[in-house]
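Each remark here refers to the structure printed beneath this line.
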Amino acid sequence: MTETVLVTGGTGFVAGWCIVELLRQGSVVRATLRDMSGARAARTAVASTGVPVERLSFLPADLTSDKGWDTAMMGCDYVLHVASPLGRDASRDRDALVGPARDGTLRVLHAATAAGVKRVVMTSAATAARPPRDTSFVSDETIWADPDDSRFDAYRRSKILAERAAWDFMARSGGKTEFTTILPGAVFGPVLTAEDLGSVQLIQRLLDGRLPGIPRIGLWVVDVRDLADLHVRAMTSPEAAGERFLAVGDFMWMEDIANTLRAQLGARAAGVPTRRLPDAVVRFMSLFLPPLRTFTAELGRKTATSSDKARRVLGFSPRPAVSTVIDCARSLMAENVAHAA
C-alpha cells in the first residue's frame with residue numbers, strides 16, 4: 001500500500017527536496033503552503049528534477065493559524081515537519097521567532113496525533129545539540145543546547161525551543177504517534193527555486209562579490225539531497241522512533257569554500273573575494289546581512305560534531321562537501337540568482 005506523506009512548508013529549500021525524494025520512492029505527497037498562489041511554481045520546481053508530480057498536491061495551512069491543519073492531516077500516514085519561520089527582518093530580537101516556531105510545531109503535532117499519524121519527523125537544527133562554549137564536549141544527540149546562550153540568534157533560539165516543546169508535547173500527548181527529529185548543519189546543494197534560500201545565501205553572496213572579503217566562519221555542511229534522504233529514512237525506520245539524529249558531513253571554512261569556487265568555476269567565480277576579513281569587520285557587516293549574524297559568535301571556532309548515530313542507525317552517507325558547494329553554485333547560476341543585479 002502506498003503511504004501518504006504530508007510535508008510542511010512546500011516552497012522551502014529542504015521541503016522541496018523532501019518532496020522530490022518521496023515522489024521518487026512512490027509516496028503520495030501533500031505539501032502545505034501559506035499562500036496557494038505559490039502552488040504552480042512549487043510544482044514546476046519539483047518537476048524540473050524529473051520526478052512524476054501526479055501524486056503531488058498542495059493544501060493551505062499556516063504555522064500561525066489553526067486553520068487547515070486537521071484537513072491537511074486527514075488520511076496521512078506520515079508527516080515531515082520541515083517548515084519554520086526564517087524572520088529575515090527580526091534577527092535582532094532573539095524572541096521574535098520563538099512563538100511562531102514553537103506554536104506552529106505544536107499545531108502540527110496536535111493535528112498529527114489527533115489524526116493518528118504513524119510518525120512525525122521534525123527538522124530541527126544542529127545548533128540544538130551545541131555544547132556550552134569553551135568545553136571539550138563533542139556535539140552529539142545527547143546534548144541539549146542552552147537557548148539563553150548569547151551565541152544564538154533569533155532563528156537558532158527558535159529552533160532549540162521548538163524542538164524542546166515538541167519532545168515535551170509528544171511525551172505527554174503523543175499517544176501512538178511516533179516522533180523523530182533531524183538536526184542539520186549548514187544546508188547547501190542545488191536550489192529548486194530562488195525562494196527561501198536560507199544558508200545558500202552565503203554561497204550566493206560569495207559568487208555575487210557582495211562580500212568584501214572572507215570571514216573566519218566554519219560550517220559543518222550537509223547536502224540538501226542527503227538531508228532529504230535522511231528524513232525519508234527516519235520516517236520509516238523502526239530504529240528511528242523516539243530518536244534525534246545530527247545530519248552533518250564535512251567541515252569547511254569559508255576560505256575553503258571560496259577557494260573551491262574559484263578553482264572549479266574559473267571565470268564564473270571571478271567575483272569571489274580572496275582577502276580575509278577581520279572579525280571586527282564581520283561583526284559590523286552582520287548588522288546589515290542577517291545570514292552573517294547567525295555565525296558571528298562562532299568566528300574562528302570549530303565545534304567537534306558527530307553524525308555517527310545517523311550513519312550507524314539510518315545508513316546516512318553524506319557526499320563530499322566540495323561537490324555540494326559546486327552543485328549549489330552551478331544551480332544558483334542556472335536560476336540566475338547569482339550575479340543578479
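Okay, here's what the table says:
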read-out: Dipole magnitude of the range 4-334, debye to nearest 20 (Cβ charges: Lys/Arg +1, Asp/Glu -1, about Cα centre); value: 480
read-out: Extension reserve of the Ser150-Asp95 stretch, reckoned as 0.36 nm per residue once the Cα distance is removed; value: 18.6 nm
read-out: For the range 4-334, convex hull volume per residue from C-alpha positions, Å³; value: 123
read-out: Low-density loop positions, trypsin sites (Lys or Arg not before Pro), the range 210-245 - DSSP coil, at most 14 other Cβ in 10 Å; value: Arg210
read-out: Stretch gain in nm, segment Glu239-Met74, where the contour uses 0.36 nm per residue and the Cα spacing is subtracted; value: 56.8 nm
read-out: Approximate spin-label separation Lys67-Arg210, in nm, with each point projected 7 Å along Cα-to-Cβ; value: 3.3
read-out: For the range 41-128: rounded, prolate or oblate by the Cα gyration tensor [a/c cutoff 1.5]; value: oblate
read-out: q = 0.11, 0.18, 0.21 Å⁻¹, the range 234-339: log10 I(q)/I(0) [Debye, one scatterer per Cα]; value: -0.51, -1.08, -1.20
read-out: Total lysine pairs whose alpha carbons fall under 24 Å of each other in the chain (8 or more apart, or interchain); value: 8
read-out: Given 14 as the ceiling on other Cβ atoms within 10 Å, longest exposed-site-free region of the chain for chymotrypsin sites (Phe, Trp or Tyr not before Pro) in DSSP loops; value: 138-287
read-out: Residue-span extension gain [Gln25 to Ser317] - 0.36 nm each, minus C-alpha spacing; value: 103.3 nm
read-out: Where trypsin sites (Lys or Arg not before Pro) fall in DSSP loop in the range 123-184, at most 10 other Cβ within 10 Å; value: Lys176
read-out: Equivalent ellipsoid semi-axes, the range 1-85, via Cα gyration tensor eigenvalues times 5, rooted, Å; value: 18, 15, 10
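Any read-out appearing in this document is the output of simple, stated calculations on the displayed coordinates, not a laboratory observation. This one's a predicted model, so the numbers in the text were calculated from it and none came from an experiment. All Cβ positions, glycine included, derive from the backbone under ideal geometry; neighbour counts span all protein chains shown.
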